[in-house]
Amino acid sequence: MRRILTLSTAAVLTLGAVTASGSAEGDLAAHGWVGTWAASPAAAVANTPQGYPNYSIRNVVHTSAGGNQARVRLSNTFGTAPLTFGHVTLAVAADGPRAAGGTMRTLTFGGQSTVVVPPGGEVLSDPAWLRVPADADLLVTTYVPTPSGPVTYHPLAQQTSFFTRAGDFATEESGSSFTERTSVWHYVSEVDVRGPAHGTVVTLGDSITDGALSTPGANHRWPDRLSDRLHGRLGVLNSGISGNRLLLDGATAGRNALARLADDVLTSGDVRTLIVLEGINDIQQNPHQTDPAMIVSALRQIVAQAKAQGIRVIGGTLTPFKGWKIYDPTLEKTRQSVNTFIRTSGIYDGVVDFDAAIRDPADPLAMLPAYDSGDHLHPNDAGYQRMADAVPLTLL
């Protein structure tokens, strides 16, 4: 379970909206912290025993809900040594690594601009006054001054971020020093906002939730498309990790879903509803899990633990994969058994039949070609849109 250092005793703030420059306007809706963006820590970057000393990394992340205050969670989950953040900033993105004028904020941790994160731990920043738009890009920039050990990251971002090896450029508004690019997210695991949204929806899953093979930089993952339908009324957090399983860990696929449930779902900002779409990797990856009872047992535990925290749980049926490179009738039989459980067990507060939404009526064991990315396992942009459209908003 994550160790979180909140360190925010110096930040007791009077409720009220602010302009980009921080002046109070008094129009902030009186709601609590809501998750607007997340990426589950999945692994440590290979061959980073010293970390990234003297790097400034500008992570580009996309919001679901807006607000007038923000806070950021940073992770050393897979680190093996203390990690020092010497400078961390948050800004609204203009384009690429450039910040919108007047939006750059230096984040503090217990009133200090520097914070040390122990191995396996995370830190949560103090609140920062910033008008955060819904459905917009933010820049979370971290500067690490010293060697720190392996770097925690999320491998499949489907988003370009930026970095420089030349020192502390965390507050640089122009972004001109950020001349190198990366396709992963480093250190940052969540952004919360305080504003008009009334709670958070978390989507727990694997590469299909992570948005594999969706258009990079377009925010076409199915949780993004679901957020588009909600128009900022709820925050939507993506807790998908490519390759993730219910029962086994993976080298770059994170801890198994039960092991990471507390960190990636239960401690996020004001979670009201959890949508679970996990299990296809247990079936199709080596070693294959062909006993549906094992998968069902894990799903039952996820439901029980989330409901114990007062969270509604929506079950998502496992999508078709006929034509995928290792598909066979035995694996298909397991998928069908798990889906029967999801549809009929009654343990969920609702069911989203993703399988029915994207399967081919002429060949129900396969994905409809119009929704298929081409590998017969992952949907394309149209398929992800169809999945999002299949979620009844009344369940949320």
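The number of residues in region 156-183 that are part of a loop (DSSP other than H, G, I, E, B) and open to solvent by 20 Å² or more (accessible area, probe 1.4 Å) comes to 16.
Counting residues in region 241-257 that are of a type outside the set (S, T, N, Q) and closer than 22 Å to Ala65 by Cα gives one or more. For region 158-181, filtering for residues that are in contact with a Phe, Trp or Tyr (Cβ under 6 Å, 6 or more places away or on another chain) and in contact (Cβ under 8 Å) with a residue 60 or more places away in the chain leaves 8.
Would you mind finding the one in Pro53, Pro49 that is open to solvent by 30 Å² or more (accessible area, probe 1.4 Å), of a type outside the set (D, E, K, R), under 29 Å from Asn256 (Cβ atoms) and touching a residue at least 40 places away in the same chain (Cβ under 8 Å)?
Details: Pro53 fails: under 29 Å from Asn256 (Cβ atoms).
Among Pro53, Pro49, only Pro49 is open to solvent by 30 Å² or more (accessible area, probe 1.4 Å), of a type outside the set (D, E, K, R), under 29 Å from Asn256 (Cβ atoms) and touching a residue at least 40 places away in the same chain (Cβ under 8 Å).
Which members of region 132-154 meet the condition of being surrounded by 20 or more Cβ atoms within 10 Å (Cβ to Cβ) and over 21 Å from the mean Cα position of the chain (by Cα)? Selection gives Tyr143, Val144, Ser148.
Residues in region 223-260 that are over 17 Å from Ala197 (Cβ atoms) and part of a loop (DSSP other than H, G, I, E, B): how many?
Step one: of region 223-260, the residues over 17 Å from Ala197 (Cβ atoms) are 225, 239-260.
Now restrict to residues that are part of a loop (DSSP other than H, G, I, E, B): 241-249, 251-253, 255-256.
Final tally of qualifying residues: 14.
Restrict the check to region 210-220 and report whether at least one residue is open to solvent by 10 Å² or more (accessible area, probe 1.4 Å) and closer than 23 Å to Pro392 by Cβ. So far as region 210-220 goes, yes, one or more of its residues are open to solvent by 10 Å² or more (accessible area, probe 1.4 Å) and closer than 23 Å to Pro392 by Cβ.
All conditions in (1) closer than 26 Å to Ile280 by Cα; (2) touching a Lys or Arg at 6+ places or on another chain (Cβ under 7 Å) hold for Arg245, with the sole exception of (2). Return the pairs, sorted by first residue and then second, in which the second residue is part of a strand (DSSP E or B), the first residue lies in region 116-132 and is without any contact (Cβ under 8 Å) to a residue 24 or more places away in the chain, the beta carbons are less than 9 Å apart, and the residues are 6+ apart or on different chains. Cβ pairs passing all conditions: none.
Anything in region 57-88 that is of a type in the set (Phe, Trp, Tyr) and in a strand (DSSP E or B)? List them, or say none. Phe85 - this is the single residue of region 57-88 that is of a type in the set (Phe, Trp, Tyr) and in a strand (DSSP E or B).
Quick grid of which residues meet (1) under 19 Å from the mean Cα position of the chain (by Cα); (2) among the polar types (S, T, N, Q); (3) modelled with pLDDT under 95:
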| site | (1), (2), (3) |
| --- | --- |
| Arg3 | yes, no, yes |
| Val18 | no, no, yes |
| Tyr52 | no, no, no |
| Val60 | yes, no, no |
| Arg73 | yes, no, no |
| Thr77 | yes, yes, no |
| Val88 | no, no, no |
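In region 265-287, which residue that is of a type in the set (S, T, N, Q) and outside any helix (DSSP H, G or I) is surrounded by the fewest Cβ atoms within 10 Å (Cβ to Cβ)? Give the derivation first.
Quick first cut of region 265-287, residues of a type in the set (S, T, N, Q) only: 267-268, 273, 281, 284-286.
Subset that is outside any helix (DSSP H, G or I): 267-268, 273, 285-286.
Details: Thr267: 17, Ser268: 22, Thr273: 21, Gln285: 16, Asn286: 5.
It comes out as Asn286.
Restricting attention to region 98-131 and to residues that are aliphatic (A, V, I, L, M) and farther than 24 Å from Gly175 by Cβ, the residue that is most open to solvent (accessible area, probe 1.4 Å) turns out to be Val116.
The values are calculated or read from the model by the stated rules, or taken from the named source; none is laboratory data. The structure displayed is predicted, hence computed values, not measured ones. Cβ: placed from backbone, ideal geometry, glycine included. Neighbour counts: every protein chain shown. Quick note on the areas: whole protein, heavy atoms, side chains included, nothing else; ligands and nucleic acids left out. Shrake-Rupley method; radii C 1.70, N 1.55, O 1.52, S 1.80 Å.
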